[in-house]
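The values are calculated or read from the model by the stated rules, or taken from the named source; none is laboratory data. Owing to the predicted nature of the structure, the values given are computational and were not obtained by experimental measurement. When we count neighbours, we look across all protein chains shown, and the Cβ atoms used for this are built from the backbone with ideal geometry, even at glycine. The accessibility values were calculated without ligands, DNA or RNA, using every heavy atom of the protein model including side chains. Shrake-Rupley method; radii C 1.70, N 1.55, O 1.52, S 1.80 Å.
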Amino acid sequence: MSGTPLLSTAAILAQAQAMSPVADPTPGLFAQNLDLLVSSLNAEARLSERGAAACSGMLALAERKRIEVSHWCAAEPEIVRQPVDRPVFLTGLPRSGTTYFQYLFDREPSFRMMRTWEGESPCPPPAIDTASAARRQAQCAEQHRQRRQNDGGAHDSFHLSDPDGPQECVMIMDQTFGNAGHYWTFRVPSYFDRVLDTIDLTACYAHHKRVLQTLQWQAPPSRWALKWPCHLLALGEIRQVFPDAAMVVTHRDPVAVLASNCSYATFLRGMFSDAVDRAELGRQMKDLVSRHIRALVDFDANRADGVTIAHVDYGQVVADPEAAMVDVYRSLDLELTPAVRQSIATWRAENPPGKRGVHRYDLSDYGLDVDEVAEEFAFYTERFDLADKLRA
């Protein structure tokens, strides 16, 4: 777009190295992925001047985290020799209740989840420098306070997040620049296609594992529970890196899923661009949802024997989360103890629907027809027995 400020891969990498207190032991790692993203941003994203500056800083911060994780793994080789045993990947269609379900899973003390402050600042490894960890946690809390003050809590109505709460793996995958989720935040259709068709996601998940190993280093051993909707796009690659991983997948009516994605993407893109075409965005989000659905159906139909994958209905998670948790725990060979049941009930009482705002959306705002979308995704609702469930 004429007049749009251009981003520079070289400038982003230089800014990241200048921000980092350590030298990069693996210069160029994922630089090709970053270059793909930058090229798409420059050609397609229609960034405002303020949006371009914010985007550049965001990408530099992600690269700084990658540099520091790489430094620790090189300086302390024992880090990458640690096992990451039997991780559980909490995933599902984007906007299908994965975050809500993650918060319920966080009531289980045997699981280790990445906290928001760890995602924002993973190094030094928290267990070896508790003073630094406390400072980073306080800094994250202050950043969240300022954000809520500035936007009036608008973001909270879209996405549940707390400084010390469980955070999704997007903060890890950002470091690899192999993040399909950038499509919510930016108009980058060519980059989205390249993530799914050409970027080496196995290498991205190998780095994901290094981040987990860094975070857990010298801490008491725990089983990781890892959440992100875009994990659906790489279930095969995840199994290559984590061969004993289990999957927990949430499901929701794709009509409601698509409408919610459109609304959320409108909010996110509006922070970086002054030119958001809702009809076009509707088509792009339909493609995004479709790619998630087809990846899940293909994996489910062709998965190898012995792969644990538990399916959870969004409506049940909201209406009767204890029953949903019992089913998932059974699939994972775990017991839902009375203490965890009580913790779930307490958390729900303290976080009733609408506490942090209400997210309203309508598919017709994006040039999409409810019946046409329902028909297009009927193969998904029928496969997972969702056809007769009420939309929520």
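Before we move on, is R81 among the charged types (D, E, K, R), over 24 Å from the mean Cα position of the chain (by Cα), loosely packed, with under 15 Cβ neighbours inside 10 Å and more than 30 Å from C262 (Cβ to Cβ)?
Taking the combined requirement at face value, the residue satisfies it.
Determine which member of the set A349, A339, A392, A374 is outside any loop (DSSP other than H, G, I, E, B) and at pLDDT below 90.
A349 is the lone residue from the list that is outside any loop (DSSP other than H, G, I, E, B) and at pLDDT below 90.
Mind checking which residues of segment 197-227 are open to solvent by 10 Å² or more (accessible area, probe 1.4 Å) and within 16 Å of the chain's Cα centre (by Cα)?
L201, K209
Can you pull out the residues in segment 321-340 that are among the acidic types (D, E) and either within 13 Å of F101 (Cβ to Cβ) or open to solvent by less than 40 Å² (accessible area, probe 1.4 Å) (or both)?
Residues satisfying the conditions are E322, D327.
In segment 100-116, which residues are open to solvent by 10 Å² or more (accessible area, probe 1.4 Å) and touching a Ser or Thr at 6+ places or on another chain (Cβ under 8 Å)?
Residues satisfying the conditions are R107, S110, F111, R112.
Filter segment 184-196 for residues that are open to solvent by less than 30 Å² (accessible area, probe 1.4 Å) and either more than 23 Å from R278 (Cα to Cα) or not in a helix (DSSP H, G or I) (or both) and give the result.
Answer for segment 184-196, where residues must be open to solvent by less than 30 Å² (accessible area, probe 1.4 Å) and either more than 23 Å from R278 (Cα to Cα) or not in a helix (DSSP H, G or I) (or both): F186, V188, V195.
What pairs come out if I take residues in segment 98-117 that are in contact (Cβ under 8 Å) with a residue 60 or more places away in the chain and pair them with residues that are open to solvent by 30 Å² or more (accessible area, probe 1.4 Å) whose C-beta lies under 6 Å away, six or more apart or interchain?
Hits for this filter: T99/L160; R107/S343; F111/R223; R112/S222; M113/D106.
Within segment 135-143, does at least one residue satisfy the condition of being open to solvent by less than 20 Å² (accessible area, probe 1.4 Å), of a type outside the set (D, E, K, R) and in contact (Cβ under 8 Å) with a residue 24 or more places away in the chain?
Yes: segment 135-143 contains one or more residues that are open to solvent by less than 20 Å² (accessible area, probe 1.4 Å), of a type outside the set (D, E, K, R) and in contact (Cβ under 8 Å) with a residue 24 or more places away in the chain.
I'd like the residue in segment 281-313 that is within 22 Å of E382 (Cβ to Cβ) and charged (D, E, K, R) and, out of all such residues, is most open to solvent (accessible area, probe 1.4 Å).
R294
Only one of (1) crowded, with 24+ Cβ neighbours inside 10 Å; (2) modelled with pLDDT of 95 or more; (3) not β-branched (V, I, T) is not met by R252, so which one is it?
(2)
Anything in segment 1-55 that is part of a loop (DSSP other than H, G, I, E, B) and in contact with a helix residue (DSSP H, G or I) (Cβ under 6 Å, 6 or more places away or on another chain)? List them, or say none.
Matches in segment 1-55: P5, L6, L7, S20, V22, D24, P25, T26, F30.
Considering only segment 84-99, how many residues are in a loop (DSSP other than H, G, I, E, B), of a type in the set (A, V, I, L, M, F, W, C) and buried (at least 21 other Cβ atoms within 10 Å of the Cβ)?
Qualifying residue count, segment 84-99: 1.
What residue, among those in segment 228-245 that are among the aliphatic types (A, V, I, L, M) and farther than 23 Å from D287 by Cα, is least open to solvent (accessible area, probe 1.4 Å)?
A245
Please tell me if S8 is of a type outside the set (V, I, T), surrounded by fewer than 16 Cβ atoms within 10 Å (Cβ to Cβ) and closer than 30 Å to C73 by Cα.
It is true that S8 is of a type outside the set (V, I, T), surrounded by fewer than 16 Cβ atoms within 10 Å (Cβ to Cβ) and closer than 30 Å to C73 by Cα.
Considering A141, A131, A127, which residue is among the hydrophobic types (A, V, I, L, M, F, W, C), assigned to a helix (DSSP H, G or I) and modelled with pLDDT under 95?
Of the residues listed, the single one that is among the hydrophobic types (A, V, I, L, M, F, W, C), assigned to a helix (DSSP H, G or I) and modelled with pLDDT under 95 is A141.
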